[in-house]
Amino acid sequence: MSAMIRPEKMVPSTPGIAKTVWELVYAEAEKVAQQEPKLAGMLDDVVLSRTSLCSAVAVRLARKLSRRDIGRDDLEPLIRTILRNNPVTVDCLAADLMAVVDRDAACHNALEPLLFFKGFHALATYRVAHLLWQEGRHLMALLFQSIGSEVFGVDIHPAARIGCGILLDHGTGFVVGETAIIENDVSMLHEVTLGGTGKEKGDARHPVVRSGVLIGAGAKVLGRVEIGEGAKVAASSVVLRDVAPHTTVAGVPAEPVGTVGEDAPALGMRQSLSSL
């Protein structure tokens, strides 16, 4: 099993998407501010007084994560600066927002997850922590991980490598280990664990999840196993061995139960075990 990271599977498929998504977010915020006057203050702070998705995400995360250890006045410029210096990550965040809009039936526009969906907030917090980790600012990255885990109930190690267009549906109880790799256009539900199998050391201890994969609620994927492109893992399964591309697995331990009848089950979000 190869653990190679495919660069094209870790960047947005639509470069520059952040500007388009920001225009959608801003237009929706203008409309809602008229309809819900009591939300106008928050909408102005997070969206209407801002000029980019980068700034809006920085404000929203700072409002969510601030505490005695590090306040909003420190968090907001820190997040904004690191995102502004990494436009590819901002495009990833835009792709994550659109993944929620496209795949979550409870979401109606890109403003909703920006304001209220903790799966998106947790993923955005990870993306900031990952950039800090890459800069060698490990303690600051771990602070973001710690606060994010506390606030959102989601624990993603900042060294994990996660592609773009990710749906983290609900998010509660989601755990990703230090050496995990997740490619683009993956959907995962609450209580999914991408973990290790014990005290082993090294840089290949956690799963590799290829593009287009759908992982159901409560599934546990343990060790350096590979979930092949376009595969599906049924809810509450425990995966201890590699999963072939476009294969559905289920059970404890998980075993193949069929083939996947679509290129990317992550996009369709169909939870059934049938091939249709």
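The values are calculated or read from the model by the stated rules, or taken from the named source; none is laboratory data. Computed from a predicted structure; not experimentally measured. Here the Cβ is made from the backbone with ideal geometry for all residues, glycine too, and neighbour counts use every protein chain on show.
For region 1-77, please list each of the helices (runs of 4 or more DSSP H) lying entirely inside it that holds at least 3 residues being surrounded by 16 or more Cβ atoms within 10 Å (Cβ to Cβ) and touching a residue at least 24 places away in the same chain (Cβ under 8 Å).
Details: elements: 17-35, 40-43, 53-65.
Answer list for region 1-77: 17-35, 53-65.
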Inset, instruction - From the list THR197, THR179, pick out the single residue that is among the β-branched types (Val, Ile, Thr) and either surrounded by fewer than 19 Cβ atoms within 10 Å (Cβ to Cβ) or modelled with pLDDT under 95 (or both). - result: THR197
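Can you name the residue in region 137-192 that is of a type in the set (Val, Ile, Thr) and more than 14 Å from the chain's Cα centre (by Cα) and is also farthest from ALA124 (Cα to Cα) among such residues? Give the derivation first.
So the first thing to find is which residues in region 137-192 are of a type in the set (Val, Ile, Thr), and the list is 147, 151, 154, 156, 162, 166, 172, 175-176, 179, 181-182, 186, 192.
So of that shortlist, the ones also more than 14 Å from the chain's Cα centre (by Cα) come out as 147, 151, 179.
Numbers: ILE147: 13, VAL151: 13, THR179: 19 Å.
Filtering first and then ranking leaves THR179.
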Inset, instruction - Can you run down the residue pairs with Cβ atoms below 7 Å, 6 or more apart or on separate chains, where the first is in region 78-97 and farther than 10 Å from PRO15 by Cα and the partner is part of a helix (DSSP H, G or I) and of a type in the set (S, T, N, Q)? - result: ARG80/SER55; LEU83/THR89
Inset, instruction - Look at THR14 and say whether it is of a type outside the set (A, V, I, L, M) and farther than 21 Å from ALA264 by Cα. - result: no
Inset, instruction - Among the residues of region 115-133, write down those that are under 15 Å from LEU78 (Cβ atoms) and either more than 13 Å from the chain's Cα centre (by Cα) or among the aliphatic types (A, V, I, L, M) (or both). - result: ALA124, VAL128, ALA129, LEU131, LEU132, TRP133
Inset, instruction - Output the number of the condition that ASP203 fails; it satisfies all remaining conditions of (1) at pLDDT 95 or above; (2) surrounded by fewer than 19 Cβ atoms within 10 Å (Cβ to Cβ); (3) out of contact with any Lys or Arg (no Cβ under 8 Å at 6 or more places or on another chain). - result: (1)
Legend entry - Sole exception among (1) over 18 Å from ARG60 (Cβ atoms); (2) not assigned by TED's automatic domain parsing to the domain that holds VAL233 for ALA95, by number: (1)
Inset, instruction - Return a yes/no flag: does region 140-153 have any residue that is assigned to a helix (DSSP H, G or I), in contact with a Cys (Cβ under 7 Å, 6 or more places away or on another chain) and buried (at least 24 other Cβ atoms within 10 Å of the Cβ). - result: no
Inset, instruction - Answer yes if at least one residue in region 108-118 is over 24 Å from PRO15 (Cα atoms), out of contact with any Pro (no Cβ under 6 Å at 6 or more places or on another chain), part of a helix (DSSP H, G or I) and in the same structural domain as MET4 (by TED's automatic domain parsing), and no otherwise. - result: yes
